[in-house]
Amino acid sequence: MWRELIEEHTSQARFAPPVTEEALYRAEETLGHLLPDDLIKLLGETDGVVDANGYNLIFSAEQLLQGNLEMRTYPALKRLYMAFDQLLFFSDAPGDGNLFAYALIPEGRPDIFVWDHRTDSRRRIAPSLEHFIEAWLTGHIQL
């Protein structure tokens, strides 16, 4: 379903092999929370999606783990920004520095937010991962 959705909007995406159960478990265990169901399903089809220019539409499980750990623990980021513990970053805006994330609180909400690194704002931009992918690939997300 996820690969077809992406291919519906671009023929230039590169897909990885599906994520392993071990990689998912490691990410959840290390981050201390479950990953959203739709993200798990997407990673189960492809462990990350890269566009024609080499930018991440969806991080791999390892990129997701390492990126979120860095955002949550890097001392300089902790001094500059509000805490990131309630966000789960899964994608970035090419060349911009902004990141896309799920809000982990309240639990179970599928909303997608954009974090602006210049202002530290967190703004809802899509009601679900599916809507985010469609809007991003069709240019309907304004940063």
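Just a few scattered comments:
- Within region 95-143, strands (runs of 3 or more DSSP E) holding 1 or more residues that are aromatic (F, W, Y): 99-103, 112-116
- The set of residues in region 41-57 being in a loop (DSSP other than H, G, I, E, B) and surrounded by fewer than 18 Cβ atoms within 10 Å (Cβ to Cβ) consists of D51, A52, N53, G54, Y55.
- Which listed residue, of L129, L88, is in contact with a helix residue (DSSP H, G or I) (Cβ under 8 Å, 6 or more places away or on another chain) and either over 17 Å from H33 (Cα atoms) or polar (S, T, N, Q) (or both): L129
- Only residues that are exposed (fewer than 15 other Cβ atoms within 10 Å of the Cβ), modelled with pLDDT of 95 or more and not polar (S, T, N, Q) were counted across region 19-36, and they come to 5.
- Residue in region 58-65 that is of a type in the set (A, V, I, L, M), out of contact with any strand residue (DSSP E or B) (no Cβ under 7 Å at 6 or more places or on another chain), exposed (fewer than 15 other Cβ atoms within 10 Å of the Cβ) and touching a residue at least 12 places away in the same chain (Cβ under 8 Å) present: no
- For D38, the stated conditions hold: it is in contact (Cβ under 8 Å) with a residue 12 or more places away in the chain, part of a helix (DSSP H, G or I) and of a type in the set (D, E, K, R).
The values are calculated or read from the model by the stated rules, or taken from the named source; none is laboratory data. Quick caveat: nothing in here was measured; it's all calculated off a predicted structure. We place every Cβ from the backbone using ideal geometry, glycine too, and count neighbours over all the protein chains shown.
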